[in-house]
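Engineer: Got a structure for you, questions after.
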Amino acid sequence: MKLNQAIQLLKNMGLRYVVYRVQHEVEKKTGRLKKKFPVEPSKKSYASLSEWRKTPNAFDLPNIGIRGGGNDDLKKEVTNIFEGKILFFSKEWKHLGEDYDWVCNPDSGYKYPMKHWSEIPDFSAEIGDIKYVWEKSRFTYFQTVLRHDVQFESDSSEWLFSQMDSWIAANPINQGPNWRCSQEISLRLLNWYFVLSFYRQSENLTESRWASYEHVIYWQLHHVYSHIDFSRIAVRNNHAITETGILFISKSLFPFFPDTKKWSLKGKAWLEQEVAYQVYEDGTFLQFSMNYHRVLVQLLTLFIRISEHNGLNLSNVVLDRAYESLKFLLSCQDTITGHLPNYGANDGALFFKWTSTDFRDYRPQLNSLHKLLTGQVYYRSNETVDEDSIWMVGSQATSERFTPIIINDGMYRFEIGGYYIIREEEVLSFLRCGNHKDRPSQADNLHLDIWVKGVNILRDAGSYKYNTEPGLVNYFMGSKSHNTVLINGESQMKKGSRFIWYYWTQSLGCTMLEMDDSYVIIAKITAFEFLGYKVMHERRIVKPKNTLEWEIQDEVSTKDNEELKAQQIWHSASWNQVHLEANVDGNWIGPTESNGYYSGYYGLMESSLDKSFQFTNSITTKIIYKNSEL
C-alpha cells in the first residue's frame, strides 16, 4: 500500500480500525485463531429433547388463520426446492442437486477444502464469489417450505431436518467456507430456529437429531460471540446488527445454554450501540444502500418483536431509529411498484422471505415494521404483502407507541444521510448529496434517480457482483454507473481493494426551494481530490410542477480554475421515451451513446445504453419524458 493511501485509510477509517485489522492478521498468521476456534470442540449437551419441547417459543408462530389457501406460485417454488434448486440472491434459480455437498461454488465450480475457516479467503479469482457458497447455507429457503406447509396443511419436517443433518455432516465445526462469516452463521441459526420451533413436537425430531443440533448450535453461537469484534470494528454495518442481535436474543431462543445469559446481556448493549451509531437520527443508514437498509428493517422487526414478547425492552433509540428508517424509505418509494431506487451496494439479500413478491418490492417488509410500531398496516387490502407481517409480527402489533406514517407530495430532505426527494403524484425525483463520516459504498454522489408512473426512467445501474473482473467492479461501484459527473473519465473517489475507497467525497450543502411553479434543489460536493486538485461540483435541479421535465445544471471548478475535461452521464431503460439535450458553450447538442451494463439483481447483468455529454466547466441539460403531462 502506498504511503498516501495508508494515510487516507487511517484518516478515513480511524486508528481503532487499522490497529484491529493488523492484530487480526497477526492472529491468523500465528495460528491464534485456530486455538480460539477449535475444530474438534468438546461435546455440548444441556437439555434433553423433552426439555427443549417445554421451552416457550421466542415469539408466536402463525395461527390457524392463514392455514389453507396455498397458491400456485408457492407450490412451484417448493417443488423447485425439493428438486434441488435454490433461488440465488432472491432472483435466479440454480439447480444444485438433491445431494449438493454444501462447499462447491456453483458459479466457478471450485470446491472448498475442509481447512480451518481462518484459512479460507473471501475473494479469489480462482475460487470466485464466496457468496454463491453461502447462499444455500443461509437456509432462507426453509421459510418458503414453512409457508407451504402452513398454506397447504402439509408436513415437510423430515425433509427439513434431513437438510440440517446433511449440512452438519458436510461442515465440521470451524472448518470450511460456511464457518467463515459470523453473519452467515447468525442467519443459519435463525432459520434453523424457525424450523425447530415450528416442528418441535414432530416425531421426526428424534433424540439423536436434537443432540446433534444442540451441539452445533452452541458452537455456532460461540463463534459469533468470540469473533464479534470483527463485525463491530472491521466491518461495522449490517453484519454487526445481525450478530449482536442474535446474541441479544440467544437467551430467548436457547435458554438452556448457560452462556446465553452473558451473551444476551452483552448482545443487547452492543446492539443498542450499533443501532445508535449506524442509523442516523434522520433514519438514514451508514451503508448508503436501499437494500441493506431493508436488511436492517427486517432485523429490527424481528429483534423488537422478540424483545417485547420476552419482556427484554430494547432502548428507545432502537425503536426511534426503526421508525425514522421507515419514514425515510417510504419517502423514497415508488408507490406503484413498491420499488426503491436501485441505489447503493445490493447483494440480493432478503434474510426472511415470507412472501412470493419480487425481491425489488419493499412493501412486505416495510409493512411489517410499520404494523409492529404503529399497530396498523401501511398498505391496505393486499394479502400478498400482509403475509410477511403475519410471520414477522403476528396477528397484532406488540407496540403502538408511534403514529401511522403518511407520505404526501412535496419535498423531503434527510440531511444527515444526504438524500433529497421531490414527490409528485406518480413521479419521484431522488438526489444523493452526502457527507461521509462513514465508509462510502459507491462513488455516487449527486446521483439523480427519476421514476414516472412506475417506470425508473433514469436509474442506477446496480451492483452485479462484489467479486468479478476489475473492469466490471470499477464500472458498477464507480461513478460511471450513476447519473452524475466524471472528470478525466475517473470516478469521484479512488478505488482501493475490496470495499475501500480513498479520498471520500463530501457535501458542501444542499438547498431545497419550492416556488410557485417549480421545485429547485441546489447541491454541492467536493470530489476528485486524488487527481491532484479538489474539484467542486454543483448540481442544480429545476423541476417544473405538473410536467414531466427536468433541467439539470452541472458546474465543476477548482480553486485555481483549471479547465476540466468533464463528462455528464445518464442511464435509462426507456430511451425511446426519454429525450436529452444539453447546452454546452452556448450550443444545444445531443448526447453521445456508449455501451454499458445494468444489474437489477445480484449476479445478473445485461447490456445497456449509456448516454453522456462532454463539457469543460458547465453544462445545462434538459430531460423530457415524452408522454402527456401528469
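Engineer: At most 15 other Cβ atoms within 10 Å and a DSSP loop assignment: could you name the GluC sites (Glu not before Pro) in the range 260-309 that fit?
Structural biologist: Of the GluC sites (Glu not before Pro), the ones in loops of the range 260-309 whose Cβ has at most 15 other Cβ atoms within 10 Å are E281.
Engineer: Please give the helix 238-248 orientation as an angle from the longest Cα principal axis of the chain, in degrees from 0 to 90, rounded to the nearest 10.
Structural biologist: Between helix and principal axis, roughly 30 degrees.
Engineer: Mind pulling the angle between the C-alpha long axis of helix 72-82 and the longest principal axis of the chain? Nearest 10 degrees, somewhere in 0 to 90.
Structural biologist: The answer is roughly 60 degrees.
Engineer: Also, quick follow-up: I need L302, L446 ordered by Cβ neighbour count within 10 Å, fewest first.
Structural biologist: On the way: L302 25, L446 28.
Fewest-to-most ranking of L302, L446: L302, L446.
Engineer: Please arrange F161, F256, F528 by counting, for each residue, the other beta carbons lying within 10 Å of its beta carbon, fewest first.
Structural biologist: On the way: F161 22, F256 15, F528 29.
So the residues, fewest neighbours to most, are F256, F161, F528.
Engineer: Further, regarding this structure: What's the local net charge at Y199, with K and R +1, D and E -1, over the other residues with C-beta under 12 Å away?
Structural biologist: -1
Engineer: Within the range 461-544, which trypsin sites (Lys or Arg not before Pro) sit in a loop by DSSP and count at most 12 neighbouring Cβ atoms inside 10 Å? Provide the component values of the computation, followed by the final result.
Structural biologist: Working: sites: K465, K480, K494, K495, R498, K524, K534, R539, R540; in loops: K465, R498, K534.
Those that pass, being in a loop and sparsely packed, are R498.
Engineer: Under the Kirkwood approximation for Rh and a Cα-based Rg, what ratio Rg/Rh is obtained for the chain?
Structural biologist: Working: Rg = 25.0 Å, Rh = 25.7 Å.
My calculation of the ratio gives 0.97.
Engineer: Students often get this wrong, so check it: of K453/K545; K251/K437; K136/K495; K524/K559; K453/K543; K494/K622, which have C-alpha atoms separated by over 26 Å?
Structural biologist: K251/K437; K136/K495; K494/K622
Engineer: Same structure again: About the Cα centre of the chain, what is the dipole size in debye to 20, counting +1 per Lys and Arg Cβ and -1 per Asp and Glu Cβ, all else neutral? List each step's numbers first, then the result.
Structural biologist: Details: 70 positive and 76 negative charges, 469 e Å.
Here the size comes out at about 2260 debye.
Engineer: For every helix of n ≥ 4 consecutive DSSP H residues, a contribution of -39,500 (n - 2.57) applies; sum these over the chain, divide by its total residues, and give [θ] at 222 nm rounded to the nearest 500 deg cm²/dmol.
Structural biologist: Value at 222 nm, helices only, nearest 500: -11000 deg cm²/dmol.
Engineer: For the range 76-176, run through the trypsin sites (Lys or Arg not before Pro) and keep only the ones in DSSP coil with at most 16 other Cβ atoms within 10 Å of their Cβ. Kindly include the intermediate steps, with their values, before the conclusion.
Structural biologist: On the way: sites: K76, K85, K91, K94, K111, K115, K131, K136, R138, R147; in loops: K91, K115, R138.
Listed in order of number, the matching sites are K91, K115.
Engineer: Under 16 Å between alpha carbons, and skipping anything fewer than 8 positions from K131 in its own chain: which lysines qualify?
Structural biologist: By straight Cα distance, K131 reaches K91, K94, K111, K465.
Engineer: Now for a different question. Within 10 Å, Cβ to Cβ, of M392, how many net charges do the neighbouring residues add up to if Lys/Arg are +1 and Asp/Glu are -1? Mind dumping the intermediate values first?
Structural biologist: Numbers: positive: R305, K371; negative: E387, D388.
So the environment of M392 carries a net charge of 0.
Engineer: Just want the answer: with Cβ charges of +1 for Lys and Arg and -1 for Asp and Glu, which residue in G267, L319, V279 is farthest toward the dipole's positive end in the range 230-407?
Structural biologist: Checked the options; the winner is G267.
Engineer: Follow-up question, since we're still on this one. Net charge near M114: determine it from the other residues with C-beta under 15 Å of the C-beta of M114, scoring Lys and Arg +1 and Asp and Glu -1.
Structural biologist: Around M114, the surrounding residues sum to +1.
FYI, it's all coordinate maths here, none of it is from the lab. Predicted model, so just to flag it, every value in this text is computed and none were measured. Don't worry about glycine lacking a Cβ; one is built from the backbone with ideal geometry, like all the others, and counts go over all protein chains shown.
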